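Have a look at the structure below, then the notes.
Readers should treat all values here as calculations from the given coordinates under stated rules, not as data from a laboratory. The shown structure was predicted, so the numbers you read here are calculated from the model rather than taken from an experiment. Positions of Cβ are generated from backbone atoms using ideal geometry, with glycine treated the same way; all protein chains shown enter the neighbour counts.
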Amino acid sequence: MEKKDWDRLIYGLESGYCTPFLGAGVCSGTLPTGGQLSSRWAQKEGYPFTNGRSLPDVMDFVVTMHGNDAVYVKERVVEDLLYKKNGKKRGRPKLPDFSSVHEPHNVLARFPLPVFFTTNYDDFMVRALTEAGKEPFALTCPWYEDGGGTAPDLPNRPTPEQPAVFHLHGSAADPASLVLSRSDYIRFLINLSMNTASPDHSFIPGPLLTSLTERPLLFIGYSLQDWSFAVLFQGLLQTISSLQQRRHISIQLTPPSARRGSERIAEEYLTRTFDRWNITVYWGKVEDFCQELGARMGWSA
């Protein structure tokens, strides 16, 4: 990113006029990636196709082979993803190193931001905000059949001292809410599009929707090739046209599928793709971004 991009981002973070979107990459080193989790389940469940690193496809297969009991599968995935095993019982939760100044959740928790969106199932952002002396509250998108179909009630209007963390793709606290399989992603996108087109935008509470439509977004922990990012951003673009009126930032890794020696061409192509969506790209790992942000902020290591 250029200096002007950093200046714009830091201004938004320091003023609280920025809305972060957290993806799986912010949990790197603590939780397995989607590809790793998918490969593990593909092997365990005898997935017969070649795209064993595609979690939505693998989970569609697993749910089908377990009698279409999606909630049962999601409960097992939560245990596998978020908890250390203690024999056959659920063990201690897996947690990031919140003592590290450059841990991504810690970095974001330092800023006076009133609203956070996440497509992750964990509660790490809530924990980091609590560690920072704030009083966060978590909400889950009611996209699924038992979710009620209307926006959850806000205990209070989000503020930097009492921020809201909105789980757009579900929360581990309610496994039924997880957007996990290909069928879930399709249903989520359809329901979000239909619901957001309604006058009251009832899936997302009004004050949180304002944070989407009026503030620049920081996508951190996503890849263009992730289902989470593709479904998330394309769905939001199609349903909330004012998103295109702001300049957003996304932290992106160079696609692993790029041929050796062609990484720069891949980055240029994807940079131009993101530019059509009004997104400036930082190419690099999440931890590199956090360290550079910390250096520009003058934080000690």
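Before moving on, here are some points about what is shown:
- Glu214/Trp299 FRET efficiency (R0 22 Å; Cβ-Cβ; nearest 0.05): 0.20
- Burial ranking of peptide ranges 158-167, 126-135 (average Cβ count within 10 Å, highest at the top): 158-167, 126-135
- For the peptides 105-113, 24-32, the ranking by mean Cβ contacts within 10 Å, running from highest to lowest, is 105-113, 24-32.
- Our summary gives the range 1-122 a relative contact order of 36 percent, counting only alpha carbon pairs under 8 angstrom and 6 or more residues apart.
- Overall shape: prolate for the range 1-119, with the ratio a/c of the largest to smallest alpha carbon gyration tensor axis at 1.5 or above and a/b above b/c.
- Mean separation of Cα contacts under 8 Å (6+ apart) over length of the range 34-93, as relative contact order %: 22
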